[in-house]
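First comes the structure, then the notes that go with it.
The values are calculated or read from the model by the stated rules, or taken from the named source; none is laboratory data. Small disclaimer: the values here were computed from a predicted structure and weren't measured. Just the protein is used for accessible areas: all its heavy atoms, side chains included, with ligands, DNA and RNA removed. Shrake-Rupley method; radii C 1.70, N 1.55, O 1.52, S 1.80 Å.
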Amino acid sequence: MPGSYKSSFCPKCGSTGIKGGLCPKCGSKIKGSVSYSVPVIMKNKKLFIPVFLVLFILLGIVFLFFTNENVATELRQVRQPMPNKFFLGIDVSATISTDTLEKLKDAAIERLQQFIGDDSVSYTVSTFGNPGCAKRSFAEVVSTSSPKDAVAFSWQVEEKIRKISITKVAPRDTTPLTTPFYHFLETILPERPGSRIIIFSDLMNDDSDCPEQFIFPEQVITDFGEDKNGQIIFLYPTPHLTNNNELNQRILTKQQEFIDKMEELSSQGKIRAFFYHIPDDPLKRIEFIKAQLQNSIPTTMFDIVFERVSKVFTTIVSAVRG
């Protein structure tokens, strides 16, 4: 019978490997034999190894589901409806690269064009890091339902986004140049529960020249995270560096500290937050930004399925790495 074999042992001396009903050790005749059935998959290594790997992966995912809240959250969100509310926050402080900002604007316009005619979709585009302290440095650029046609999109959305530029002030202007990143988060998050928040920034908070400074808004972030339909996606470049190596290290450490705080909250299941570093190579930036906005602002079922699978995969990999 395929997938089985016969093996006997000698009742007198216990020897195995009986052939032809005769014990090779003591010469006793064996009247019967015992038959053991072996699954075909155990005999075929080409089948056994892939099946074993699949089972191993599935067991690993089940284990992470029960032991890692971040993985559990992403797996639960696989059936989340397609999002229809988006917020794009853009850092225009003086330390941001003009080239990167221009490419972000191009990619954002191209992406939002996909919603033309779908008035069930709404989005807001705001900037921060304009001259002034706290809310005075914020500016709402666009807040609308998706326009009905290309002409309306051109003047309601595209022209306004095109005008976004890096902050510059006249030499005699004493208005503080700030990046109130923390205050921006604590302002926009309570207003948009369950929304998809995309933020382009170097993640550097700088309001030191203002009479009021703001701290990392942990409570506001965790309150936003209670609605698991909401998530924050950060597209961040390498911060502006100098010729001073010691200062550069402090700048990079400050950026990483923010990422670490957010990822710690994410690992605890308190917030859905994702970080994507924009390449330093200018030739790679536009395609990278377009790909990330396609994931962050899905317009088709393929987009949403790809985004869900990639987020689950990324979360699992992060959990395994610890």
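Accessible surface area normalised per residue over segment 102-207 is 45 Å², counting heavy atoms of protein chains with a 1.4 Å rolling probe.
With all protein chains in place and a 1.4 Å probe, the accessible surface of segment 76-146 carries 44 percent carbon and sulfur. Taking only protein heavy atoms and a 1.4 Å probe, the accessible area of segment 221-322 is 54% carbon and sulfur. One chain, two ends: ALA150 and THR300. Fully extended at 0.36 nm per residue, the span grows by 52.1 nm beyond their Cα-Cα distance.
Think of a 1.4 Å ball rolled over the protein heavy atoms: segment 215-304 then has 52 Å² of accessible area per residue.
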